[in-house]
Every structure is written in structure tokens, then in C-alpha cells.
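Written out below as C-alpha cells is the structure these notes cover.
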Amino acid sequence: MRRKAGTLVPLELAICTAAADFRRQGIDEFHGYLIAKELKEHADNRLLTAYGTLYRALGRLESMGLLASRWEDAMVAADENRPRRRFYSLTPAGEEAVAEAVRAAAEKAGAKKGWASA
């Protein structure tokens, strides 16, 4: 069962937002460590509370169709003497989810301003 993009939990929204930021910087794919680093630098540090939280969220986003993933070529990892990484990318549905969340936040902020000034 798919959840609507508007019902993303804060961690899922932060991941999609960071992925959209990566895309604007010319980075189409990212791996778990890169997204964790980005979240620690630019999002609420409490989002990544336990080991595996990030990867469960990435899996949920992929099952929702907001992210796509692929495994890195095993030879690349072997040449660098490290485990293979899974690379994720934001799908068009993920881009729309971020845009929808931004619109909803702007509308909510506008509604609060209108209420406060009335």
C-alpha cells in the first residue's frame, strides 16, 4: 500500500529534500553515507536516532516510488577494497513529493501569518 507523498514522515521528507538538493548540484545518485552526512549537516540531527533508521526509510521511499536504487558494480568496490554500495536517485514522483511538501509548508506559513495579523 502506498502512502500519499503529503504523509511523509520528517526523515523521509528530509531524505527526498536532500536528494532534490543533490540533483540541483548535479549529483543524480547518492549512497547511504552521503545522505546521512547531508542530513547531519543540514537537517534535524535527531532524525537518525538508531542504526538502520536511514536504510529502513530509504527502503520505504523506494517502495513508495519516490526513490529508485541500484547496486554499485562489484568490481568498482573490489578495486577500492570496500563493500559494494547501493546508490539511490530521486524519481519524478519524489521530485513532485518535495514540491508538494514545499507548497504545503508555504500555505501553512501563509495561513499562520494571516491568522496572526487578523
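The values are calculated or read from the model by the stated rules, or taken from the named source; none is laboratory data. Predicted, not measured: the structure shown is a model, and the values here were computed from it. All Cβ positions, even for glycine, are placed from backbone atoms using ideal geometry, and neighbour counts span all protein chains on display. Note: areas computed on protein heavy atoms with side chains; ligands, DNA, RNA excluded. Shrake-Rupley method; radii C 1.70, N 1.55, O 1.52, S 1.80 Å.
The figures follow:
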item: Accessible area expressed per residue, segment 1-95, with surrounding protein chains retained (probe 1.4 Å, Å²); result: 62 Å²
item: ³J(HN,Hα), Karplus 6.51/-1.76/1.60, whole Hz, each residue of segment 13-30, x for Gly, Pro; result: 5, 5, 5, 5, 5, 5, 5, 5, 5, 4, 4, 5, 8, x, 9, 7, 10, 9
item: Gap separating the Cα centres of segment 40-69 and segment 74-108, nearest whole Å; result: 9 Å
item: For the chain, calculated [θ]222 nm from helices alone, where every DSSP H run of n ≥ 4 adds -39500 (n - 2.57); result: -19000 deg cm²/dmol
item: Amide H contacts under 5 Å for Leu67, placed H, 5+ residues apart; result: Glu62, Thr91
item: Relative contact order of segment 21-93, defined on C-alpha pairs under 8 angstrom at six or more residues apart (%); result: 36 percent
item: Residue of Ala68, Ala36, Ala77 that the Gaussian network model of the chain assigns the largest fluctuation, springs spanning Cα pairs under 10 Å; result: Ala77
item: Dipole of the chain [Lys/Arg +1, Asp/Glu -1 at C-beta], most positive-end residue of Ala43, Phe87, Thr7; result: Thr7
item: (i) 31, 15, 13; (ii) 21, 18, 13; (iii) 22, 22, 13, with the label sought being that of the calculated semi-axes √(5λ) of the Cα gyration tensor in Å; result: (i)
